[in-house]
Every structure is written in C-alpha cells, then in structure tokens.
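So the structure is just underneath, and the comments pick up after that.
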Amino acid sequence: MRIGYPCINRSIGCTPSMTFRLASYSEERFLSTVAANLACLQKILTYNVEHGLLFLRITSDLVPFASHEVCTFPWQEHFSDTFHDLGVYCRDHGFRISMHPDQFVLLNAPDEGVLRRSIDELAYQTSVLDLMGLDRAAKVQIHAGGVYGDKAASMDRFVENYTRLDPAIRARLVIENDERLYSVADCRVIHQRTKIPIILDVFHHALNSQGEPLAEVLSALSKTWKKYDGLPMVDYSSQQQGKRQGAHAEHIVPEDFTLFLQDSQPFDYDLMLEIKDKEKSAALALALAAGDPRLVTRAV
DNA sequence: GGCAGTCAAGTACGC
DNA sequence: GCGTACTTGACTGCC
C-alpha cells in the first residue's frame, strides 16, 4: 500500500496546474506554462519521496489544451527528454502514478462530438504516461459516464466504444464507481463484458450502493486487476461536515481512517486520498498507517 | 494586493 | 425548453 494525494501540493510554492484562458493562447504562453508545470511536477515528486508518499495523481492541466484543436504544437517531441527524466525518477523511487480526466470525458456519450473530444483527451493523458515510459500499472481513471435516460443502452455504448479504443488507451483505462449514477455493481457488469479493472471510491460507495460491505467489495474488485495492472487503486475521502452530501472534507478524520484501514484488511491496494488539504492529510494518514504491514514508503 | 466573476469541455434535474 | 447545480483550482478584470 502506497499512500498519495491528487495533483497539487499546497506547501511547495508552485503548481503543476498552471493554465490560461483559451483567448490568451499563444505558442509562447503554451511552452512557458508546460515547462513550468513539468518543473513543478518534479518538485512534487521530490517532496513526496522525502515524505514517503509514493502514489501521485498527475493533474489533467499538466499540458493545457493538449487535446484541444487550438493546440497544434508537437509538445510530445519538444518535451520528450523532460518526460523521460520524470519517468526515470518515478521508476527509481517506486512511484505509482495515475491520471483522472474530469467530468467532460464520457466514453458512452451518444453525441459523436462529445465522444471524439473524450477520446482525444484520453489519448493525451495516456501519452503523458507513455512519454514517461511508465508500465501498465500507471492508470487513467474515468467514470462510466452518463445515463441518458436508458442505463442499459448507455452501458452497451460504453462497452462498444471501449472495445474500439486504441490498445494504448485500453491498456491504461480503468473505471471508478460514482456517487449518483454508476455503482460498484454497475461497474462490475461493465467489467464482465470488457475486463476493465475497477477502482473503488470508498466515499462514493457509501453514497451509492446496496450496502455491500467493504471487504466483500475489495475482494471482488481486486480480482479485476491483473498482475500487470499493478495493485488495485482505491480512492478515499470523507464527508465535509455541514456541507452538501458528497462534498469532500477539508481534513482527514483520523478515527474514520483508522477504522477503514482495519476494515479493509487483508486486502492490499494503493490509496489515493481525495482530501482538500492534500499532502497535510496524506502525512497524517501515513502516521496513522504506521506499523500496517501493507504500507510502503520507499522504493524496495 | 485583494476580491468576485469566469473558465474548453457535459449531464441531470427541477421548474 | 431553459436555467441551474455540480466541482474546483486558477485566470482575469476591476477596485
């Protein structure tokens, strides 16, 4: 079990998610932004090695507008050495890496334009991991998509579109249960037809499920990950008190997290903490997990 | 320097 | 059919 947090670090003074308005697009702006983002990503990796946090989600904004038609610059070639170096650093230090396209990426969209843009975005995110030379255990996670008034037909469309994807994308794609539309049970139906691995989002499962116990779910989902996919990934967060149901908490709740570690025994997984204060809660989680035989904080 | 409104992209839902 | 909520960090224009 590696522990990590998503995308940005609040204490190192840079962000790998620098972007700009579409109206401000220029090649100069694009190049300087990507260069700064990549430099910041290296800083975050270094910080994480020093703090024993070996699971990192890379931000979708690393290369702004990468999948947009406005971006015609061959950034893959231009930055290939930098990506390569980042990848070597990740491998040397035993990192697990993931990416998570946002809500606009819908593999089951009935609209052809939405589908095409979604696939373009998946191609971009996949290519980042490919350029870094990471193996198949580095994943791109999405939700199953929309319902569009007919869930069965929408799941059929997911399966169809998934099957037609470039193998390079398919090798990295995994799906995650969401808090409203597609539960773990729904994802398992899609898995049966595609063999796509399933990420468990513990918080979403609490909000959208038939109450299947954690151990039962982990047991089933672990089997959807092949050896070359790496350990299963799990997203963890908790409810922000006083906010709308589903709102992510600002800080980790130590008692809940300790309980989760106990309840998830004996399953092993890499854990992504979707908590707003990022590396701060991740450090606390590490402390709470100290002594857990599953925990890994440095390259072996 | 600080603040409020806005931002490439989509869907679901209430009225 | 239309407007709004969802989610969220960063940009941008205005004071």
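Select from region A:1-45 the residues that are farther than 14 Å from A:I58 by Cβ and polar (S, T, N, Q) and list them in ascending order.
Once the filter is applied, which keeps residues that are farther than 14 Å from A:I58 by Cβ and polar (S, T, N, Q), region A:1-45 yields A:S11, A:T19, A:S24, A:S26, A:S32, A:T33.
I'm told A:G133 meets every condition in (1) modelled with pLDDT of 95 or more; (2) at negative phi; (3) away from DNA strand C (no atom under 16 Å from the Cβ) except one. Can you identify the failing condition by its number?
(2)
Just wondering, is there one or more residues in region A:250-270 that are under 23 Å from A:H191 (Cβ atoms) and in contact with a Cys (Cβ under 9 Å, 6 or more places away or on another chain)?
No, there is no match, as no residue in region A:250-270 is under 23 Å from A:H191 (Cβ atoms) and in contact with a Cys (Cβ under 9 Å, 6 or more places away or on another chain).
Mind listing whichever residues of region A:98-122 are in contact with a Leu (Cβ under 6 Å, 6 or more places away or on another chain) and more than 9 Å from DNA strand B (Cβ to nearest atom)?
Correct list: empty.
Would you mind finding the one in A:D235, A:D201 that is farther than 14 Å from A:V140 by Cα, among the charged types (D, E, K, R), crowded, with 20+ Cβ neighbours inside 10 Å and in contact with an Asp or Glu (Cβ under 8 Å, 6 or more places away or on another chain)?
Matching residue, one of A:D235, A:D201: A:D201.
So in region A:259-300, with the set limited to residues that are surrounded by fewer than 14 Cβ atoms within 10 Å (Cβ to Cβ) and in a helix (DSSP H, G or I), which one is farthest from DNA strand B (Cβ to nearest atom)?
Out of the qualifying residues, it is A:Q262.
Residue under question is A:G133, and the condition is that it be under 24 Å from A:R96 (Cβ atoms) and surrounded by fewer than 16 Cβ atoms within 10 Å (Cβ to Cβ); does it hold?
When the stated conditions are applied, A:G133 passes them.
On the basis of being away from DNA strand C (no atom under 15 Å from the Cβ), modelled with pLDDT under 95, out of contact with any Gly (no Cβ under 7 Å at 6 or more places or on another chain) and among the polar types (S, T, N, Q), does A:T72 make the cut?
The answer is yes for A:T72.
The values are calculated or read from the model by the stated rules, or taken from the named source; none is laboratory data. As the structure is a prediction and not an experimental result, all values here were calculated from the model. Cβ: placed from backbone, ideal geometry, glycine included. Neighbour counts: every protein chain shown.
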